[in-house]
1. Report the extension gain between GLU116 and ALA63 in nm, rounded to one decimal, defined as 0.36 nm multiplied by the number of residues separating them, less their alpha carbon distance.
2. Please give me the summed charge of the neighbours of GLU28: other residues whose Cβ is under 12 Å from its Cβ, Lys and Arg +1, Asp and Glu -1.
3. What is the distance, in nm, between label points placed 7 Å from the Cα along the Cα-to-Cβ direction at LEU133 and at VAL72?
4. Treating the beta-carbon of each Lys and Arg as +1 and of each Asp and Glu as -1, no other charges, what is the dipole magnitude of the stretch 16-149 about its Cα centre, to the nearest 20 debye?
5. Please report the antiparallel percentage of DSSP beta bridges with both residues in the stretch 16-149, rounded to the nearest 5.
6. Which far-off residues, 5 or more places away or on another chain, put their amide H under 5 Å from the one on ALA44, with H placed in the peptide plane?
7. Mean 1/r over all different Cα pairs, inverted: what Kirkwood radius does the stretch 33-136 give, in Å?
8. Please compute the modelled spin-label separation between GLU41 and LYS101, points set 7 Å along Cα→Cβ, answer in nm with one decimal.
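What follows is calculated from the coordinates using simple rules that are stated; it is not laboratory data. Predicted, not measured: the structure shown is a model, and the values here were computed from it. Backbone-built Cβ (ideal geometry, glycine too); neighbour counts: all protein chains shown.
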Amino acid sequence: MTDTAADRRGAYRPGMADQSQRARTALEEVCARGDLDRARELYATDFVDHVNALEFHGQDGIAKSVALYRAVFPDLRIVVEDQTSAGDRVTSRWTLHGTHKGRAVTLPGITISRFENGKIAEDWTVSDNLELLRRLGLRRGLALAIRYLAGR
């Protein structure tokens with residue numbers, strides 16, 4: 001089958017290169033730049049986004065997730081460093097670059113995107129939250145939170 005060939009039932013099945021490009025575009029243009037028009041092209045209407053301990057649903061969830069990150073980093077930029085594809089999944093290793101209250105932040109992360117009918121149906125994203133807290137200067141707040149959770 002070619003990258004744009006239909007399967008036996010006639011449903012569109014994107015090739016791995018196409019899926020990888022869509023996953024890259026989703027991260028670099030939708031998540032980083034806030035291009036919600038592109039979100040409607042790239043994500044399924046019933047999309048589910050698992051971001052660390054958070055979960056977002058549908059196009060409204062995409063808008064909320066993007067707004068959250070852009071509120072913390074108004075100059076947010078995401079660079080996809082590496083990708084691998086297998087079947088209906090694309091794994092993207094990326095680096096977030098941004099500034100928060102004058103502090104430059106660089107944060108690595110990984111997103112696994114599951115595709116269905118040519119669109120991203122589900123994402124699982126993991127980034128180093130402890131490193132993010134450290135880089136934002138919230139070390140003391142984190143220590144207090146850990147003590148609180150430990151029941152001290």
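1. Computed gain between GLU116 and ALA63 is 17.0 nm.
2. That sum, taken over residues with Cβ under 12 Å, equals +2.
3. 1.2
4. Using Cβ point charges on Lys, Arg, Asp and Glu, the stretch 16-149 gives about 840 debye.
5. Antiparallel: roughly 85 percent of the beta bridges in the stretch 16-149.
6. Excluding prolines and chain starts, which carry no amide H, the hits are ILE120, ALA121.
7. For the stretch 33-136, inverting the mean 1/r across all distinct Cα pairs yields 14.3 Å.
8. In this crude label model, LYS101 to GLU41 measures out at 3.8 nm.
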